[in-house]
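**Q** What follows is a structure written as structure tokens; I'll ask about it next.
No value in this document is a laboratory result; all are computed from the given coordinates. The structure presented is a predicted model; accordingly, all values stated were derived computationally and were not measured. As a convention, Cβ positions derive from the backbone with ideal geometry for all residues, glycine included, and neighbour counts pool all protein chains shown.
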Amino acid sequence: MSSPTPPPPPGGTPAVPGPGSGAGRPSGADAGGDPVASGHVRTTTRTPLSHVPSPYGLWIAAFAILIFSGPNLAVLAAGQLADGVEAVARPNSAQLVFSLVVTLVFQVAISLAALLPLLAAGRPWSRLLGPTRATGVMWAVGLGVGVGVVVAAFTVNGTLAVLLEVEEGVEQQILQDALAGGVPTVLVGIMTVVVAPVAEEVLFRGVLFRAMAARLGLWVGAVLSSAVFAVIHFEILFSQPIALAGLFVVGLLLAFAYHLTGSIVVPILGHAVFNASSLTLALFVDRFDLEDLERVAVVLRPLWTVARSLGA
């Protein structure tokens with residue numbers, strides 16, 4: 001009688017799923033067995049996502065995205081029924097600040113609520129970070145990815161704007177709020193450069209992309225998750241649909257960056273750089289009243305749509 005195969009030593013090389021082994025599908029290890037095979041052990045060595053199976057299934061990902069995007073869609077729909085997609089006037093700066101604070105709290109609450117399906121399925125939040133630890137190198141790579149994302153997205157949307165002779169920019173209440181200056185600008189900066197990148201990358205790349213790539217293949221998962229990422233920005237969908245092309249490119253590049261590095265810090269930083277560039281552009285155009293740059297506004301990042309109604 002053959003002796004049982006000993007378990008792999010702790011801290012060993014993550015198991016690489018072979019062809020026909022159901023790569024990316026949760027195995028018995030994912031339910032509490034070998035932590036290395038399940039991708040639970042993180043290392044400072046770059047570990048691509050292809051070396052570890054996804055801990056998340058499609059149903060978990062679908063519920064998480066639904067919880068995250070559902071309230072935003074409901075708020076936008078309610079706003080449209082009330083007064084269309086026009087900007088909501090703020091009576092004074094105090095009410096604007098209060099509105100943005102409420103919106104910030106709402107964003108954080110919805111983002112955390114979207115992670116509840118993971119806990120319900122027994123998937124610890126720590127796996128959202130990816131198999132590679134956030135070293136200084138990963139931070140540098142993330143910032144570099146952000147620059148590349150800015151160039152690619154701005155080029156795509158700028159080219160489409162010229163070819164299609166688009167003159168109307170994206171209408172976003174939160175960008176209008178940022179133009180008020182002072183505390184409102186700081187609050188918008190926190191929402192767009194800190195909260196939104198963390199929440200959206202954790203959900204769209206950390207959960208949705210990994211689940212789709214594991215079950216449907218890398219390219220299909222990257223394309224589909226990027227398409228969902230673009231379309232859930234409902235405000236831009238109604239105000240300037242061609243800008244969705246730039247968002248799709250953003251999602252695609254960030255998905256592959258996460259896949260190759262295995263660290264969620266990389267797409268988060270890339271996303272933050274992109275949002276910061278879009279917000280800076282909006283402030284720059286408004287500050288100097290550069291009418292010739294109005295067409296460039298179609299590349300502005302569609303951010304959280306809840307600000308529109310909560311600030312009423």
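**Q** Strictly greater than 19 Å: what percent of every Cα pair in the range 174-234 meets that?
**A** 45 percent
**Q** Once the piece of chain linking Thr159 and Leu112 is laid out straight, how much longer is it, given 0.36 nm per residue of separation minus the C-alpha distance between them?
**A** 13.2 nm
**Q** Follow-up question, since we're still on this one. Determine, for Met212, Met138, the number of other Cβ atoms within 10 Å of each Cβ, and report the residues in order from fewest to most.
**A** In increasing order of surrounding Cβ atoms, one gets Met138, Met212.
**Q** Okay, moving on. In what order do Arg127, Arg205, Arg133 fall by count of nearby beta-carbon atoms within 10 Å, going from fewest to most?
**A** So the residues, fewest neighbours to most, are Arg133, Arg127, Arg205.
**Q** Which FRET efficiency value, to the nearest 0.05, do you get for Val41 and Val105 by plugging their Cβ-Cβ distance into 1/(1 + (r/R0)^6) with R0 = 41 Å?
**A** The formula returns an efficiency of 0.75 here.
**Q** Where the centre of each part is set by its Cα atoms, how far does the range 119-171 sit from the range 175-196, in angstrom?
**A** Here the two parts' Cα centres lie 19 Å apart.
**Q** Same structure, new question: Please arrange Glu235, Glu165 by how many other C-beta atoms lie within 10 Å of their C-beta, fewest to most.
**A** Listed from fewest to most nearby Cβ atoms, that is Glu165, Glu235.
**Q** What base-10 log of the normalised intensity I(q)/I(0) is obtained for the range 156-274 from the Debye formula, alpha carbons as equal point scatterers, at q = 0.11, 0.13, 0.16 Å⁻¹?
**A** Result of the Debye calculation: -0.41, -0.56, -0.82.
**Q** For Leu216 and Phe98, what is the calculated FRET efficiency with R₀ set at 45 Å and r taken between the beta-carbons, to the nearest 0.05?
**A** E between Leu216 and Phe98, to the nearest 0.05, is 0.55.
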